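The values are calculated or read from the model by the stated rules, or taken from the named source; none is laboratory data. The shown structure was predicted, so the numbers you read here are calculated from the model rather than taken from an experiment. We place every Cβ from the backbone using ideal geometry, glycine too, and count neighbours over all the protein chains shown. Quick note on the areas: whole protein, heavy atoms, side chains included, nothing else; ligands and nucleic acids left out. Shrake-Rupley method; radii C 1.70, N 1.55, O 1.52, S 1.80 Å.
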Amino acid sequence: MWGKWIGCEVPDAARGRFWAAQRAWEAIGDQPGLVGQVGGWDQATGRAHVLGLWRDADAHGRFLRERHDQVLAGSGQRGAYTAIETAGGEVVLTMAGEEPDLPGALARAALLRLADCRLLPGREEHFLDVQRQVWAPGMAAAGGLLGGVVTRLDEARHLVATLWSDAAAHRHYTAEYLPGLRSRAGLAGDVRSLTGHVLTLEPAWRVLPEARPGGKPPAPGTGSVAPCTA
């Protein structure tokens with residue numbers, strides 16, 4: 001699977017225009033290989049963030065060639081932001097949650113937590129191992145986690161995205177579980193820096209794959225793991 005993260009600086013005066021333009025991306029719901037896309041406003045910075053998941057790099061590449069520029073031009077979104085950052089890469093771990101698959105988690109989630117983790121040299125293997133042994137059971141115990149992914153943006157940078165049923169569930173996790181899990185995980189030994197983003201998801205920005213004739217869209221392969229933080 002392939003993950004893509006987009007962050008935009010949006011002036012206050014252009015927020016309404018950006019919000020409306022983002023709705024134009026619902027047109028890609030029929031694009032082959034789309035797992036789903038969600039987005040919202042960062043509660044701390046006011047930046048707009050979008051997370052997209054694709055079956056693989058080839059499916060994402062086909063979308064860029066065939067549809068991306070056309071949808072962007074039609075939306076009028078380009079003039080609604082002053083800066084944009086994009087990053088993408090292979091999803092190296094998926095995390096199990098209350099939903100049976102990622103499309104289900106994307107459809108139901110009300111809050112997205114992103115953790116942009118920049119790793120110390122040579123620590124990737126240990127970092128990922130800690131996700132399995134420490135964070136997975138901690139997330140399972142907290143309640144409200146619907147699912148999530150860890151995307152390798154490059155060898156030393158991983159994006160952890162967790163989808164939550166609501167803000168109350170995430171607050172409960174943060175208050176009751178996160179401090180102990182962070183201590184057990186020993187983040188300082190693996191992570192050079194971590195930037196977090198908490199997004200209340202905009203329902204109008206949600207893009208889910210359209211059902212194909214004969215049944216539901218194929219679900220991506222999933223494993224069981226949890227993130228460095230959430």
Residue within the stretch 99-117 that is farther than 21 Å from residue 3 by Cα and open to solvent by 10 Å² or more (accessible area, probe 1.4 Å) present: no
Some residue of the stretch 15-27 being in contact with a Ser or Thr (Cβ under 6 Å, 6 or more places away or on another chain) and either among the basic types (Lys, Arg) or open to solvent by less than 80 Å² (accessible area, probe 1.4 Å) (or both): yes
Pair list, Cβ < 8 Å and 6+ apart or interchain, from the stretch 148-172 residues that are among the aromatic types (Phe, Trp, Tyr) to residues that are part of a strand (DSSP E or B): 164/111; 164/112; 164/113; 164/145; 164/146
Residue list for the stretch 1-14, restricted to those being of a type outside the set (Val, Ile, Thr), under 30 Å from residue 154 (Cα atoms) and open to solvent by 20 Å² or more (accessible area, probe 1.4 Å): 1, 2, 4, 9, 11
Qualifying residue in the stretch 153-171 (condition: open to solvent by less than 20 Å² (accessible area, probe 1.4 Å) and in a loop (DSSP other than H, G, I, E, B)): no
Residue list for the stretch 184-206, restricted to those being of a type outside the set (D, E, K, R), touching a helix residue (DSSP H, G or I) at 6+ places or on another chain (Cβ under 6 Å) and either more than 19 Å from residue 38 (Cα to Cα) or open to solvent by 70 Å² or more (accessible area, probe 1.4 Å) (or both): 185
Number of positions in the stretch 106-144 that are in contact with a helix residue (DSSP H, G or I) (Cβ under 9 Å, 6 or more places away or on another chain), of a type in the set (A, V, I, L, M), over 16 Å from residue 164 (Cβ atoms) and not in a loop (DSSP other than H, G, I, E, B): 3
Within the stretch 31-90, considering residues that are assigned to a loop (DSSP other than H, G, I, E, B) and farther than 21 Å from residue 201 by Cα, the one most open to solvent (accessible area, probe 1.4 Å): 55
